[in-house]
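Only one structure is covered here, and it is reproduced in the block below.
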Amino acid sequence: MNVVAWHDANIFYKSECILMDDHQVTLCRKEALQMVLGKMMSRAIDASIVTDLSVIRWLTGFSGSSARLLITKEKSWLFTDFRYREQAAAEVVVAETVIANDGFAAELGSGRYSLGQTVALQSDNVTWHEATLLIEKILGKQRVIPVDSFFDEFRMLKNEIEIIKMRRAAEISELALEKVLPMISPSVTELDIAAEITYQQRKLGAEKDSFSLIVAGGARSAMPHASPSQALFKVGELIIIDIGCVYEGYASDQTRTVALGHVSDEARTVYRIVQEAQKLGIASARCGMMAKELDAVVRRFIAMHGYADEFGHGLGHGVGLDVHEEPRISPKGTHELQENMVFTIEPGIYLQGKFGVRIEDTVVMGLYGATPLQRFSKELIEL
């Protein structure tokens, strides 16, 4: 079995050897905060309560699982609990850390923080219970307004540091896939391979998987989001492997479909259609294009080959601190593609009861086109 032949030329690469010191990272976060403050001022918002942990990490670098962020024109505060005292001290520079022993709502209502007249609450990432509690604490003092998707326009555009981290995450997943593919045989299960990918990604430096990995063979590969099972692989079947990891907070996402032994002519034909559709998607992406237009280009190509009803999901989605974020590349995608957006291109065809094929790369949108972060071969690999 020739491992090197599975890859495009120069697959054994390293991420850019660019050293980002703490000063550069802090500058990026300060710039992000200034963009948010500018939008707040344009909407006459005096203070913003951030509840989304991904947004909090984007703005402050805090990676703990318990935090709230309060942003005002004068100052920002990160609220967490005793468990993260040392971690917050090490990670957070752009905001003052408050250890809220009695909880964030109690701190907010203490009167120690200048909130102005209008407070925005991130309504798309808060429970009704917490929202009610927070509003009660400041009711009569400030006007509370709900905001959703407030940070998307900024988070969609990645800076150099973010792209380098995502490229490294993609590299880790590809190296893990390379190590795992030779292990696939009729004597192992989908769960065995999924567990091995997770292990290899962690061993190579990932924090965790970026989502619940998908490893599905045979008829189960026709389920776009199949969970790995105890099913053994069978010779003559296609196998979908959808993997990703998180490196320093940033996610990767890629899919390859491989064959165990020789597969049917129908499977080969469908594979070639998906391969060409994915290639078309990457080649067609242009700045200024609407996300739904890119989806339509690939969708028409698949429909032209008679499989319109078997491609039932969007073409792609944004990737960053979350593995699924804006922009959505789908028939409903309303965003205009811009330089430094990072998103997936992942067409698929799923024939119920037979097999499925999906090929996915994460791409960086440049001025003159989209460039995949992944370099793993997209030719049909027969194990």
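Table for the structure above
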item	result
Listed residue pairs exceeding 30 Å between alpha carbons, taken from 203/279; 203/332; 165/234; 158/234; 165/292	203/279; 203/332; 165/234; 158/234
Relative contact order %, the chain, counting alpha carbon pairs below 8 Å whose residues are six or more apart	15 percent
Within the stretch 90-186: Cβ-based charge dipole about Cα centre, in debye rounded to nearest 20 (Lys, Arg +1; Asp, Glu -1)	120 debye
Placed amide H near residue 97: partners under 5 Å, 5+ positions off or other chain	78
Ordering of 182-188, 131-137, 117-123 by packing [mean C-beta count within 10 Å, highest first]	117-123, 131-137, 182-188
Cα shape, the stretch 255-314, gyration tensor, a/c 1.5 rule	prolate
Farthest toward positive dipole pole in the chain [+1 Lys/Arg, -1 Asp/Glu at C-beta], among 372, 100, 348	100
Sites residue 203 and residue 86 - FRET efficiency at Förster radius 25 Å, r taken between beta-carbons, to 0.05	0.45
Net lengthening on full extension, residue 297/residue 183 (0.36 nm per residue, minus Cα-Cα)	37.4 nm
Ordering of 242-249, 109-116 by packing [mean C-beta count within 10 Å, highest first]	242-249, 109-116
Gain on full stretching of the segment that runs from residue 124 to residue 265 - 0.36 nm per residue minus C-alpha separation	46.1 nm
Stretchable slack from residue 37 to residue 334, in nm (0.36 nm times residue separation minus alpha-carbon distance)	104.5 nm
Most positive-pole-ward Cα, 324, 236, 169, against dipole of the chain from beta carbon charges	324
Cα gyration tensor shape of the stretch 14-129, rounded if a/c is under 1.5, else prolate or oblate by comparing a/b with b/c	oblate
Residue 188 long-range amide H proximity, modeled H, under 5 Å	233
Charge dipole magnitude, Cβ of K and R +1, D and E -1 - the chain, Cα centre, debye nearest 20	340 debye
DSSP-assigned coil residues among chymotrypsin sites (Phe, Trp or Tyr not before Pro) in the stretch 292-383, each with at most 13 further Cβ atoms within 10 Å	368
Structure-derived percent of Cα pairs over 33 Å apart - corresponding label in (1) 56; (2) 38; (3) 35	(2)
Inter-probe distance in nm under a simple model that places probes 7 Å from Cα toward Cβ, at residue 324 and residue 283	3.1 nm
Assigned charges on the beta-carbon of Lys, Arg, Asp, Glu; the stretch 226-383 dipole about Cα centre (debye)	340 debye
Nonlocal amide H pairs with residue 381, under 5 Å, H built at 1.01 Å	259
Model label zone, residue 22; criterion: amide N under 18 Å from point 7 Å along Cα-to-beta-carbon; scope the stretch 69-102	78, 85-98
Gaussian network model of the chain, Cα within-10 Å springs - most flexible of 232, 27, 157	27
Cβ-based charge dipole, the chain, positive-most Cα from 201, 338, 146	146
Approximate spin-label separation residue 154-residue 191, in nm, with each point projected 7 Å along Cα-to-Cβ	4.4 nm
Those lysines that a straight Cα-Cα span of less than 22 Å connects to residue 141, excepting residues fewer than 8 apart in one chain	73, 75
Accessible area expressed per residue, the chain, with surrounding protein chains retained (probe 1.4 Å, Å²)	45 Å²
Cβ crowding within 10 Å averaged over residues, with 61-68, 356-363 ranked highest first	356-363, 61-68
Overall form of the stretch 305-349 per C-alpha gyration tensor (a/c, 1.5; a/b vs b/c)	prolate
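The values are calculated or read from the model by the stated rules, or taken from the named source; none is laboratory data. It should be emphasised that the depicted structure is a prediction, and the values quoted were computed from it without experimental measurement. Quick reminder, even Gly has a Cβ in these numbers, built from the backbone with ideal geometry, and neighbours come from all protein chains shown. These accessible areas exclude ligands, DNA and RNA; they are computed on the full protein's heavy atoms, side chains included. Shrake-Rupley method; radii C 1.70, N 1.55, O 1.52, S 1.80 Å.
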